[in-house]
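See below for the structure under consideration.
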Amino acid sequence: MDLNFTPEEDAFRAEVRSFLKDNLSEELATKVRNGEELGKADIESWHATLQSRNWLAATWPVEYGGPGWNAVQRHIFDEECCLANAPRIVPFGLGMLGPVLIKFGTEKQKADILPRILDGSDWWCQGYSEPGAGSDLASLKTRAIREGDDYIINGQKTWTTLGQYADKIFCLVRTSTEGKRQEGISFVLVDIKTPGIEVRPIKLIEGGYEVNEVFFSDVRVPVSNLVGVENEGWTIAKFLLTHERTGIAGVGASTQALHELKALARKLKRRGKPLIEDPLFAARIAEAEIDLEALRMTNLRVLVDASGGAASNTIASMLKIKGTVIRQNLDDLARRALGPAAAPFPMEALAGNLAVAPPEAAASAASYFNNRKLSIFGGSNEIQRNIIAKDIFGA
Amino acid sequence: MDLNFTPEEDAFRAEVRSFLKDNLSEELATKVRNGEELGKADIESWHATLQSRNWLAATWPVEYGGPGWNAVQRHIFDEECCLANAPRIVPFGLGMLGPVLIKFGTEKQKADILPRILDGSDWWCQGYSEPGAGSDLASLKTRAIREGDDYIINGQKTWTTLGQYADKIFCLVRTSTEGKRQEGISFVLVDIKTPGIEVRPIKLIEGGYEVNEVFFSDVRVPVSNLVGVENEGWTIAKFLLTHERTGIAGVGASTQALHELKALARKLKRRGKPLIEDPLFAARIAEAEIDLEALRMTNLRVLVDASGGAASNTIASMLKIKGTVIRQNLDDLARRALGPAAAPFPMEALAGNLAVAPPEAAASAASYFNNRKLSIFGGSNEIQRNIIAKDIFGA
Amino acid sequence: MNFNQTDDRRMISDSLRRYLADQYPVEHRIKIAYDAPFHDAKKWGELAELGILGALVSEDQGGFGGEGFDIAIVFEEFGRTLCPEPMLGNLMGLRLYAAFGQSDKVDAIIAGTARTALAVFEAEAFTDTSEIATSATQSGENWTLSGRKSLVYGGHAADTLLVAARTPAGKIGLFEIEAKAADIHSYAMIDGGGAAEVGLDNVSAKCLSGDAGETIEAALDAGRLALCAEAVGAMDVLKEMTKDYLMQRQQFGRPIATFQALQHRLVDLSIEIEQARSITIHAAGAVDTPGRALAVAKAKNLIGRAGKLVAEEAVQMHGGIGMTWEYAGSHYAKRLTMIDAQLGDKEDQLRRVMELMSA
Amino acid sequence: MNFNQTDDRRMISDSLRRYLADQYPVEHRIKIAYDAPFHDAKKWGELAELGILGALVSEDQGGFGGEGFDIAIVFEEFGRTLCPEPMLGNLMGLRLYAAFGQSDKVDAIIAGTARTALAVFEAEAFTDTSEIATSATQSGENWTLSGRKSLVYGGHAADTLLVAARTPAGKIGLFEIEAKAADIHSYAMIDGGGAAEVGLDNVSAKCLSGDAGETIEAALDAGRLALCAEAVGAMDVLKEMTKDYLMQRQQFGRPIATFQALQHRLVDLSIEIEQARSITIHAAGAVDTPGRALAVAKAKNLIGRAGKLVAEEAVQMHGGIGMTWEYAGSHYAKRLTMIDAQLGDKEDQLRRVMELMSA
């Protein structure tokens, strides 16, 4: 047992911190801290900054242009980025498609696509969920029918995050209706400008716009855009589900949220005293901090394990459940710290010369509502419980 | 809407209170308050005291020797008894068998049995649960096979409360294995001294002895001891399940437990101050009080309704779930109020001249553990949830 | 003891339910609740005609109701449709005008020809009145107010504001100002409906009482009761929506309503909703008794807990669809969540209970 | 960073596990834990021979371990079998003897020839040392103690007691007394094992330190860590028992393990147990660092919450059988519940975290 980071790891942390200090603008960090919506340009410029140091594709091997980090390094990098209020890396190209191509893609696909992900030429989005197939992904219905050297795709995808900025979309589509539901699914790459595709925004509960519906009407895609083997896309879907799930706990982001919460509770006053001196509120912060401390250690246990082998699905599902519960609790506390001042829409709370809330907290209710998604998207916490139960009861 | 009791109800409450003041001995009330185990004599003498006023069989009509109270009166009576720390009435003869006979019994059964319940000649216990049939009562296996004018009973009952004091036991037995599981069950009265019956104690988690196993080996019972129709005992079981469930919430008992908890928290000191001034502990007491206030009102809504018609099964199940959760929470708080001093066995905590805990609280851990039964026995809270779900989803 | 509504109340409640169902279908509500003026100003007169405002004060004060149960039935219906009309501010203002004998104003508000709002809380005095910093200054017969009031519900749609301010004697006084005399910044709330920040820079005011602290508390408690009833109405609807969704939505080849884990969670919601209904009845019965503060604090604490549970579980059980603006359920969830923050949240109320309990 | 045990620790842990499994099967444990002397006195020498006591102090203090992880592995095994030997009192006593350089005593305890216990808490000082009323009086070279100590774990089976008492200078001193010189009332605890009330009436004492407050706190934190590890061991076993029961018990014609509501509840337990394991590792790593107090307080708070959840859910999911004395699971549930009350419960620990957090 040794809970200390190695000197090399400490040095790496210092290097990351110093890079962030020099390269992350105050303006961008403030936007992130305040929970403001980032524009496409914000994200692209941050990706480019990281790529200038070769740190953009954290999970990619060196030969494909990644930094070749192990799980502990990725964890340190993530933690430092969160603490510095750096924008999150948009994962669809970098964290999902990249690893899929590296494992399942042809040499040509890798050569054509990976560099364009790294240099920002292509913004990828994900076409997985469908209106009737959220957590039950295998029931997807979008059809791709072979016609010569093309597939003709018809159907609908939904919850496509940041699809409004995307150049390309990778999709799970049904290429066969025979066999079990998991069979007959294929993984296909599609240019979003192909005729027949329509992207429609979905406004979320808090009023923001980050997800979309994507409609396919007779969309023609060359068969060469198939990744892996036809009808065996489920293998890729499962690979993605279990790939790099150690970041799933969101420890870095929650740590930063806890910092912000404590700062807020020191700043705001209730009954003439700082909120942090209110025993009931302080007790809830303390419990959140304790839960997060335990989660950090659970996450490290998995990470260090995963540096050698692969994290078990069960523990990854546990990290997902507990990580989202903790994050949602922190969001709840931040919202409640503000009291009624959390109610106005963020932009309205700050408008005029009668601002209702401190800028760094004005979006707290919006964040709270938006982050209810954490326990729903990416396999709901109910699905995660089913996965764990299967493991426990062997059923 | 009128949340006040009528002048008649207020007068009735005063009458009960005054009776309790005059007739409940300080010694007995202290035993009850301290959570000490009551002996058979304690209970019998208290039953006799109530019977002297005709108040023993709260749910029986006047013609059978009951007081003829409506639900609100029964509620007031129960509340006052709890607040005065009167012993609970042992329900098996008075609250269960009595109403069953009044509804399903023959005139001879009523004439023979009811008076002996009232005057304490017969102590009844209940033979329902079996080792393999707890919450799933319909799967019971104890067989009664007709042989001439007798049944021959073989099998085993369990969780028979206070069976160690009993003269008689009423049982659900299987008289037929045909048809659905609920069919073929009969309700039979058995003298516990019949040859072939053995009562064995079950020691409970906290070390107390209040439940038993009852074994039947070729126990011969006259067919005239059948209540109602052969193979239709399930009707009686269901009647008992839905009968007089407004007391199920335990509002009176929890109210008294809350009083005791607050008194304890005023008396005990932590860090030099009364425990009730500790904000975290006080907050938990306050929340418990709020939940109980709401439960009291839910219970009254049902009661007043039930004075006219019958309470729905769903709301009775809700009262059971919430009532047990609240009571268990109060027990938990009382145990925690004592801190480590809750740990010694009650008798040992008070022994010698170095008593560890105040007498009224010495049994708090034992009560906490014992009362975990509340959410298990009498249809577990899981079964109650199933009942409610069936009602909600109509499935 | 009797839990039936009187015929009068049942009539108001029925006609209000019909009116709101007809005039505020949820798509319409979503459209108007988030854009200025954050409600449907044309409808106010119709609500007044239905007698809704008159129901909120007693007969000897010019209305024809005014009991806790009257407040509860009106706001429960508002909760069922998420009606964004600024009724909360008018309720509290109306009761204060009535308490201080301003019968002209009372009549005008009941008739729907005037609207008011109560400006009490401030950025550092969100939960009680003890930290109020807004000051009232007297010069001869004239009073002026200076300071800043925050989260004035209905302040965006009021003709007059009733302002709690500290008098030179250190008491909390109640003052009336013309809304247009103040610097008003109106905004929509994330759960719909409007409120306002009110800047006061030597605004000329009429003094209704130089020592109104306890009367203001009573008006706030009437407001808290209203919020409890509104929450009960919203919870009932959201629970039904969730149940319907579970029965209709298929996953793994069957309705998700057949999954026991979800069933039990919906059962737990249902139990908390019954508890919420009960504690609201309790508070409604106590609002004009000496037990008012304790009963209302208890109710709003439980409502805060139940509302959060119902909102979060409803969204979770709906999955993605519950996260969308287009789906009505998300607006019910937001309202239920944010009701807690109005007029003192569950922990503020718990603190009141603790204080009253140990007193 | 590395989460593997060293070979030495793995050896101790393996041999202790085999020994306890062999010597303390649960029926035997239930028999001895509740009747005087509340443990199996003959076994103490064997435990010492296994090196268990030596593992609890460092090499330069006469042992061969003494790190947080050493404490954790010993007590985790104790938790797995609910071993009722008075190890907690000896752990804390041993570390205090070592801290104050009493090497003869340290050697004797490690060898199993002497037993000790720590007497700190009192009826009105159950959670911290600030309210200690037991007084130490000096007359020449001689000290005497008067007062009353409560819940002295292992006090029923100790040769000497280490007593925290207030010195004339107002500090908390640490004193050694012969157990037989005090008025000792031993008793079983409801979750098994023994403790004692200790009456002190001018009992002659040896002063180990006149200002031992911080050192005693460190020993108590070692004890708290031990309790956390014990709880983790007990939780693992109880969870397995519950799982096995759910898979074996039939209801409505199928194993109750197939009911989704129960599955999800067992999943939630499993998650909390992983969290409990993690926070215990965190505390074990911090017990000899400046972060000790915060890390241990965090651990014992989470353990208290997790233990209660696991105990209550395990009993509930077992149904009636979980309520019986005969079934081992009920004893695990009691132990998990009552561990929280030892050396400061979850709310006491939360308070420490709050204080350290705001400092």
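Hey, can you grab everything whose amide H is under 5 Å from the amide H of C:Trp143? Only 5+ residues off in sequence or another chain; H modelled, so Pro and N-termini drop out.
C:Ala205
Might you report the magnitude of the Cβ-based charge dipole of the protein assembly as shown about its Cα centre, with Lys and Arg at +1 and Asp and Glu at -1, to the nearest 20 debye?
That gives the protein assembly as shown a dipole magnitude of about 1540 debye.
What size of dipole, in debye to the nearest 20, comes out for the stretch D:1-105 about its Cα centre when the only charges are +1 on Lys and Arg C-beta atoms and -1 on Asp and Glu C-beta atoms?
For the stretch D:1-105, the charge dipole is close to 280 debye.
With a 1.4 Å probe on protein heavy atoms only, work out how much accessible surface D and A bury together, total over both chains, in Å² to the nearest 100.
What D and A bury together is about 3700 Å².
Count, for each residue of B:273-279, the Cβ atoms from other chains sitting within 10 Å of its Cβ, then give me the mean as a whole number.
Mean number of neighbouring Cβ atoms from other chains: 3.
With no solvent and one equal point scatterer per Cα, compute the Debye intensity ratio I(q)/I(0) for the stretch B:103-151 at 0.29 Å⁻¹ and report its log10, rounded to two decimals.
The Cα Debye sum returns log10 ratios of -0.96.
Can you tell me the orientation of helix A:313-338 relative to chain A, as the angle in degrees between its alpha-carbon axis and the longest Cα principal axis, to the nearest 10?
For helix A:313-338, the angle is close to 40 degrees.
Ignoring everything but the protein chains, give the 1.4 Å probe accessible area of D:Asp201 in square angstrom, nearest 10.
Ignoring ligands and nucleic acids, D:Asp201 comes out at about 120 Å².
Compute the signed sum of charges (Lys and Arg +1, Asp and Glu -1) over the other residues within less than 12 Å, Cβ to Cβ, of C:Lys31.
Result for the local shell: -3.
Would you rank A:Arg88, A:Arg271 by solvent-accessible area, highest first, keeping every protein chain in place and using a 1.4 Å probe?
A:Arg88, A:Arg271
Per residue, how much accessible surface does the stretch B:7-89 expose to a 1.4 Å probe? Answer in Å², no decimals.
Computed with neighbouring chains in place, this is 49 Å² per residue.
Can you check what the net charge comes to around C:Met1, using other residues whose Cβ is under 13 Å from the Cβ of C:Met1 (Lys, Arg +1; Asp, Glu -1)?
Taking every other residue near C:Met1 into account, the sum is -2.
Subtract the Cα-Cα distance of B:Ala48 and B:Ser25 from 0.36 nm times their separation in residues, and report this length gain in nm to one decimal.
Taking B:Ala48 through B:Ser25 to full extension adds about 6.9 nm, to one decimal.
Sorted by accessible area (1.4 Å probe), largest first, how do D:Asp183, C:Asp348, C:Asp104, C:Asp191 line up?
C:Asp104, D:Asp183, C:Asp348, C:Asp191
Rounded to the nearest 5, what % of the DSSP beta bridges within chain B are antiparallel ones?
Of all bridge pairs located within chain B, approximately 85 percent are antiparallel.
Quick one: Debye curve from the alpha-carbon atoms of the stretch B:7-89 only, equal weights, vacuum; give me log10 I(q)/I(0) at q = 0.14 Å⁻¹ to two decimals.
For the requested q values the scattering log ratios are -0.46.
Can you compute the radius of gyration and Dmax for chain A, using only the Cα atoms, both in Å?
21.9, 75
As a test, work out the antiparallel percent of DSSP beta bridges whose residues both lie in the protein assembly as shown, rounded to the nearest 5.
Bridges in the protein assembly as shown are about 85 percent antiparallel.
Which of B:Ile392, B:Gly95, B:Pro274 sits closest to the plus end of the dipole of chain B, meaning its Cα is farthest towards the positive end, when Lys and Arg get +1 and Asp and Glu get -1 on the C-beta?
Going by the Cα projections, it comes out as B:Pro274.
With unit charges on the beta carbon (Lys/Arg positive, Asp/Glu negative), name the residue among C:Pro25, C:Ser103, C:Ser135 whose Cα is farthest towards the positive pole of the charge dipole of the stretch C:1-143.
The listed residue farthest towards the positive side: C:Pro25.
Taking Cα centroids, how far is the stretch A:148-216 from the stretch C:220-268 in Å?
31
Any chance you could get the radius of gyration and Dmax over the Cα atoms of the stretch C:215-358, in Å?
Final numbers for Rg and Dmax: 16.6, 59 Å.
Please work out, to two decimal places, the log10 of the ratio I(q)/I(0) at q = 0.06, 0.11, 0.13 Å⁻¹ from a Debye calculation in which every Cα of chain D carries one identical scatterer.
One equal scatterer on each Cα of chain D leads to -0.22, -0.72, -0.99.
Hey, what do the phi angles of the stretch D:207-220 turn into as Karplus ³J(HN,Hα) couplings, whole Hz, using 6.51/-1.76/1.60 and θ = phi - 60°, x for Gly and Pro?
8, 8, 6, x, 8, 10, x, 5, 5, 5, 4, 5, 5, 5
Lys and Arg at +1, Asp and Glu at -1: add these up for the other residues within a Cβ distance under 10 Å of A:Gly93 and post the number.
Net local charge, A:Gly93 excluded: 0.
Lysines near B:Lys269 by alpha-carbon distance under 26 Å, same-chain residues fewer than 8 away left out - which ones?
B:Lys31, D:Lys149, D:Lys171, D:Lys298, D:Lys300, D:Lys308, D:Lys334, D:Lys346
From other protein chains only, count the Cβ atoms within 10 Å of every residue's Cβ in D:126-132, then give the mean.
Across D:126-132, the average partner-chain Cβ count within 10 Å equals 3.
By DSSP, what percent of the beta bridges with both residues in chain C are antiparallel, rounded to the nearest 5?
85
Using a probe radius of 1.4 Å on heavy atoms only, what accessible surface per residue do you get for chain C? Whole Å² is fine.
Accessible surface, normalised per residue, equals 33 Å².
Beta carbons within 10 angstrom, averaged per residue: use that to sort the peptides A:75-82, D:221-228, C:25-32, highest first.
D:221-228, A:75-82, C:25-32
From the label point of C:Asp211, set 7 Å along Cα to the beta carbon, how far off in nm is each other copy's matching point, shortest first?
5.5
To one decimal in nm, how far is B:Thr30 from the same spot in the other copies, if labels go 7 Å from Cα toward Cβ? Please give the shortest first.
Computed spacing set for this position: 7.3 nm.
Taking a ≥ b ≥ c as the square roots of the eigenvalues of the Cα gyration tensor of the protein assembly as shown, is the shape rounded (a/c under 1.5), prolate (a/b larger than b/c) or oblate?
Note, shape of the protein assembly as shown comes out rounded.
Of D:Gly155, B:Leu28, C:Gly307, which is farthest along the charge dipole of the protein assembly as shown in the positive direction, counting Lys and Arg as +1 and Asp and Glu as -1 at C-beta?
C:Gly307
With the contact rule set at Cα under 8 Å and sequence spacing of 6 or more, what percent relative contact order holds for the stretch B:7-89?
The normalised contact order for the stretch B:7-89 reaches 37 percent.
With θ taken as phi - 60° and the coefficients 6.51, -1.76 and 1.60, list the Karplus ³J(HN,Hα) couplings across the stretch A:104-114 in order, rounded to whole Hz; mark glycine and proline as x.
10, x, 6, 4, 5, 4, 4, 5, 6, 9, 4
With charges only on Cβ, +1 for K and R and -1 for D and E, what is the dipole size of the stretch A:43-149 about its Cα centre, in debye, rounded to 20?
Here the size comes out at about 140 debye.
Heavy atoms of the protein only, probe of 1.4 Å, neighbouring chains included. What is the accessible area of C:Met247 in Å², nearest 10?
For C:Met247, solvent-accessible area is about 80 Å².
Karplus couplings for the stretch A:138-149 from phi (6.51 cos²θ - 1.76 cosθ + 1.60, θ = phi - 60°), rounded to Hz, Gly and Pro as x?
Karplus-based 3J(HN,Hα) across the stretch A:138-149 equals 5, 8, 5, 10, 4, 9, 10, 10, 5, 9, x, 8 Hz.
Closest approach to the B-A rotation axis by any Cβ of B: residue and distance in angstrom?
Closest Cβ on chain B to the axis mapping it onto A, in Å: B:Pro279, 2.
To one decimal place, what Kirkwood hydrodynamic radius in Å is obtained for the stretch C:117-211 from all pairs of distinct Cα atoms?
About 13.0 Å, per the Kirkwood formula over Cα pairs.
Along Cα→Cβ at 7 Å, what distances in nm separate the B:Glu277 label point from those on the other copies, shortest first?
Once sorted, the set of distances for B:Glu277 reads 1.8 nm.
Give the residue list of trypsin sites (Lys or Arg not before Pro) in the stretch A:147-192 that are DSSP loop and have at most 14 other beta-carbon atoms within 10 angstrom.
Sparse-neighbourhood loop trypsin sites (Lys or Arg not before Pro): A:Lys180.
Given H placed 1.01 Å from N in the peptide plane, which residues other than close sequence neighbours of D:Thr127 have an amide H under 5 Å from its amide H?
B:Arg271
Connecting C-alpha atoms closer than 10 Å in a GNM of chain A, tell me which of A:Leu268, A:Leu172, A:Leu354 has the biggest fluctuation.
Among A:Leu268, A:Leu172, A:Leu354, the largest GNM mean-square fluctuation belongs to A:Leu354.
How big is the accessible area of A:Ile192 in square angstrom, nearest 10, if you roll a 1.4 angstrom probe over the protein chains?
20
Could you work out how far apart the two model spin labels at C:Asp60 and B:Lys40 are, taking each label as a point 7 Å from the Cα in the direction of the beta carbon, and quote it in nm?
About 6.4 nm separates the two model spin labels.
The values are calculated or read from the model by the stated rules, or taken from the named source; none is laboratory data. All values reported here derive from a predicted model rather than from experimental measurement. Every residue, glycine among them, receives a Cβ derived from its backbone with ideal geometry; neighbour counts consider all protein chains shown. Protein only, heavy atoms only, side chains kept; ligands, DNA and RNA dropped before computing areas. Shrake-Rupley method; radii C 1.70, N 1.55, O 1.52, S 1.80 Å.
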